[in-house]
1. Looking only at region 33-64, which residues are of a type outside the set (S, T, N, Q), surrounded by 14 or more Cβ atoms within 10 Å (Cβ to Cβ) and part of a strand (DSSP E or B)?
2. Quickly run through region 59-84 and pick out the residues that are of a type in the set (A, V, I, L, M, F, W, C) and touching a strand residue (DSSP E or B) at 6+ places or on another chain (Cβ under 8 Å).
3. What are the pairs with Cβ atoms under 8 angstrom where one residue, in region 30-45, is in contact (Cβ under 8 Å) with a residue 60 or more places away in the chain and the other, located anywhere, is assigned to a helix (DSSP H, G or I) and crowded, with 16+ Cβ neighbours inside 10 Å? Sequence gap at least six, or different chains.
4. Can you name every residue in region 122-156 that is in contact with a strand residue (DSSP E or B) (Cβ under 9 Å, 6 or more places away or on another chain), farther than 23 Å from residue 67 by Cα and surrounded by 12 or more Cβ atoms within 10 Å (Cβ to Cβ)?
5. Give the number of residues within region 103-121 that are surrounded by 17 or more Cβ atoms within 10 Å (Cβ to Cβ) and more than 24 Å from residue 91 (Cα to Cα).
6. Would you mind finding the one in 24, 69 that is over 18 Å from the mean Cα position of the chain (by Cα), hydroxyl-bearing (Ser, Thr, Tyr) and modelled with pLDDT under 95?
7. Given the conditions (1) within 16 Å of residue 34 (Cβ to Cβ); (2) surrounded by 14 or more Cβ atoms within 10 Å (Cβ to Cβ); (3) not acidic (Asp, Glu), and given that residue 100 satisfies all but one, which numbered condition is not satisfied?
8. Failed condition for residue 92, given (1) in contact with a helix residue (DSSP H, G or I) (Cβ under 8 Å, 6 or more places away or on another chain); (2) buried (at least 18 other Cβ atoms within 10 Å of the Cβ); (3) within 16 Å of residue 151 (Cα to Cα), with all others met?
Amino acid sequence: MRWSYLVLPAAIILSFGIASKAATEENAEDFMGIHKIEIIFHEAGTTKNLDLMLSLFADDAKLTSGGKTYQGKDEIRSYWQSAGTFQPQNQWVAYTPAFRIKYAVEGDSAHLYFECLYVDKVKKEIAAHTNSDDALIRVKGKWLIKEMKASSVPEL
C-alpha cells in the first residue's frame, strides 16, 4: 500500500517532466525554424540569390512595401529584383543575427519581426536600415512567410 502512494506522485512528477521536455523541444524547433527565416533572408540579400529569397515565401504570399502590395511569388520576385540589396552595383552585406528580433507562435501560425542593417562594403557605411514584420505559416513542417510588411527604419 505504501508503495502505491509513492508511485503516484513519482508518476505525476515524471509525466510533468516529459511534458515539459516535449514542450521545450517543440519550442526549440519552432525557434530554429523561425530563426532560419531571418538567417536565410540575410544570406539571400548578401549573395543576391533571388531563388533563395523566394524559398522563404508561401506560394500565395503577400509583400507590402512603400505603400504597394505584391501578391504571389512572381510579383514578389519583381519587388526583390528592384530592391537595393539585389542591385549588382551594390556590394552590401546584411548582418545576421538581426537585432530587435522577436517572434510568437500560435499553433501553425507565427509572427516574426526583425530589423536589418545592410552595410556597403566599398563605402564602409550603413547603406540601409530596414525592418520586416511577418505573418508566418507552417507548411509541411516548414515555416514560410505568408505576409511581409517591409519598410525602412527611421534614422536613430
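The values are calculated or read from the model by the stated rules, or taken from the named source; none is laboratory data. These figures come from a predicted structure and were not determined experimentally. In this analysis, Cβ positions are derived from the backbone assuming ideal geometry, glycine residues included, and neighbour counts consider all displayed protein chains.
1. Correct list: 57, 58, 61, 62, 63.
2. At the first step, the residues of region 59-84 found to be of a type in the set (A, V, I, L, M, F, W, C) are 61, 63, 76, 80, 83.
Answer for region 59-84, where residues must be of a type in the set (A, V, I, L, M, F, W, C) and touching a strand residue (DSSP E or B) at 6+ places or on another chain (Cβ under 8 Å): 61, 63, 76.
3. 41/53; 45/53; 45/85; 45/86
4. To start, the set of residues in region 122-156 that are in contact with a strand residue (DSSP E or B) (Cβ under 9 Å, 6 or more places away or on another chain) comprises 125-139, 143-156.
Filter again for farther than 23 Å from residue 67 by Cα, leaving 125-126, 137-139, 143.
Answer for region 122-156, where residues must be in contact with a strand residue (DSSP E or B) (Cβ under 9 Å, 6 or more places away or on another chain), farther than 23 Å from residue 67 by Cα and surrounded by 12 or more Cβ atoms within 10 Å (Cβ to Cβ): 126, 137, 138, 139, 143.
5. Looking only at that region, the number is 4.
6. On the way: 69 fails: modelled with pLDDT under 95.
Of 24, 69, the one residue that is over 18 Å from the mean Cα position of the chain (by Cα), hydroxyl-bearing (Ser, Thr, Tyr) and modelled with pLDDT under 95 is 24.
7. Residue 100 satisfies all of (1) within 16 Å of residue 34 (Cβ to Cβ); (2) surrounded by 14 or more Cβ atoms within 10 Å (Cβ to Cβ); (3) not acidic (Asp, Glu) except (2).
8. Result: residue 92 passes all but (3).
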